[in-house]
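One structure below.
The values are calculated or read from the model by the stated rules, or taken from the named source; none is laboratory data. None of the values given here were measured: they were computed from a predicted structure. All Cβ positions, even for glycine, are placed from backbone atoms using ideal geometry, and neighbour counts span all protein chains on display. When the accessible area is computed, the model is the full protein with side chains, heavy atoms only, and any ligands, DNA or RNA have been set aside. Shrake-Rupley method; radii C 1.70, N 1.55, O 1.52, S 1.80 Å.
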Amino acid sequence: MTLMAYNHAPIPSFMYGTAWKEEATAHLVQLAVASGFRAIDTANQLIHYQEVLVGEALQTLRKEGIERDTLFLQTKFTSADGQDHRTPYDASADLTTQVRQSFESSLTHLCTEYLDSYVLHGPYQRRGLGEADWEVWAAMEGLYQSGKTKMIGISNVTAAQLTELCEQANVKPMVVQNRCFAALGWDKEVREICQGHGIIYQGFSLLTANRRVLADPEIRTMARRLGASTAQVIFRFAMQIGMLPLTGTTSQQHMKEDLQAEQLALSTEEIQRIETIAL
Ligand SMILES: NC(=O)c1ccc[n+]([C@@H]2O[C@H](COP(=O)([O-])OP(=O)(O)OC[C@H]3O[C@@H](n4cnc5c(N)ncnc54)[C@H](OP(=O)(O)O)[C@@H]3O)[C@@H](O)[C@H]2O)c1
């Protein structure tokens, strides 16, 4: 399935995340694509991601006949605070230059001439948006307007920050990527803002941030009814409420199961129950 952001840019409805894969990154990206994933998430941030190895996998896939334009590539600009000594740009340069340098190095790492989605890894401050955020966002808007990325987005954002961005930006984000806690109604406030603006909400840590929910007897009953796993129930729930889930599985069996979740159908009552299960 494909989702559509407000600017009519399409995005596959499930995304494979490459954080913490280290030297296994290339192999796992190939396995994910072989299993059916068409959207890959990474970041130009060596602490958690190996963007170069994602690029290596893409080159191998190309040799196997899987062309660049059949895949959706998303990467991120990470501020100097989120980097170690291997910052992929000149951290003493102004922020506009940092974004441009990071973007160009991502293109080189990923062996591509364009991105499908470019995401600001997180605002520079916990509350509101400051001067640094606006400078970086303007640089990202420039990349979008130049056609070098088909979407721009923001991650780790609060409802208040997202509202401010949507109200004041020249180009609103097309995607938001947040950690999704069931105890916060699965990030309900942020999801609602996204829905109102036609922004695609991408949820991560759906399983790892919600272990109690996965073990809940009611979720187990739903899984039994569907002949599925509890992980599949959560991923299907995410899709049915309009979310684009990410998975970072390292198992091909789980890659297939995660994608198969799309075939399941939870009832309206089950959806309502899961939405409030941890409130
Ligand atoms: N923007 C940000 O700041 C940020 C932060 C964190 C993550 N992310 C993105 O989100 C991606 C996903 O991260 P995540 O935190 O959701 O996932 P994750 O930490 O990579 O972990 C997924 C976990 O779920 C398990 N799993 C997956 N499918 C399963 C299934 N069908 N049955 C049982 N277990 C299953 C995996 O185990 P197995 O390996 O054994 O399957 C793994 O332990 C990352 O790779 C990254 O791209 C972004």
Where the centroid of each part is defined by its Cα atoms, how far is the stretch 126-151 from the stretch 1-49 in Å? 22 Å
Helix 188-197 sits off the longest principal axis of the Cα atoms of the chain, rounded to the nearest 10 on a 0 to 90 degree scale, by 60 degrees
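When the accessible area of the stretch 2-154 is computed with all protein chains present and a 1.4 Å probe, what percentage of it is carbon and sulfur?
Numbers: 3340 of 6630 Å².
Accessible surface attributable to carbon and sulfur in the stretch 2-154 totals 50 percent.
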Net charge near residue 152: determine it from the other residues with C-beta under 11 Å of the C-beta of residue 152, scoring Lys and Arg +1 and Asp and Glu -1. +2
Return the calculated 222 nm mean residue ellipticity for the chain, to the nearest 500 deg cm²/dmol, obtained by summing -39500 (n - 2.57) across DSSP H runs with n ≥ 4 and dividing by the residue count. -12500 deg cm²/dmol
Extension gain residue 166-residue 113, at 0.36 nm per residue separation less the Cα-Cα distance, in nm? 16.3 nm
Of 148/172; 21/188; 148/256; 21/172, those spanning more than 26 Å from alpha-carbon to alpha-carbon: 21/188; 148/256; 21/172
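Nearest 20 debye, what's the magnitude of the dipole of the chain about its Cα centre given +1 on Lys and Arg Cβ and -1 on Asp and Glu Cβ? Intermediate results must be reported in sequence, preceding the final value.
Details: 24 positive and 32 negative charges, 156 e Å.
Computed about the Cα centre, the dipole is about 740 debye.
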Using 0.36 nm per residue, how much length does the chain from residue 20 to residue 48 gain when fully extended, once their Cα-Cα distance is taken away? 9.6 nm
Put +1 on the Cβ of each Lys and Arg and -1 on the Cβ of each Asp and Glu in the stretch 88-188; which of 123, 93, 159 then has its Cα farthest toward the positive end of the dipole? 159
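Cα convex hull of the chain: how many Å³ per residue? Working shown, then result.
Working: hull volume 34.0 nm³, N = 279.
Value for the chain: 122 Å³ per residue.
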Per residue value of the accessible surface for the stretch 235-279 (all protein chains in place, 1.4 Å probe), Å²: 46 Å²
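Accessible area per residue for the stretch 1-120 in Å², computed with a 1.4 Å probe and the full protein assembly in place, what is it?
Working: 5100 Å² over 120 residues.
Accessible area per residue, the stretch 1-120: 43 Å².
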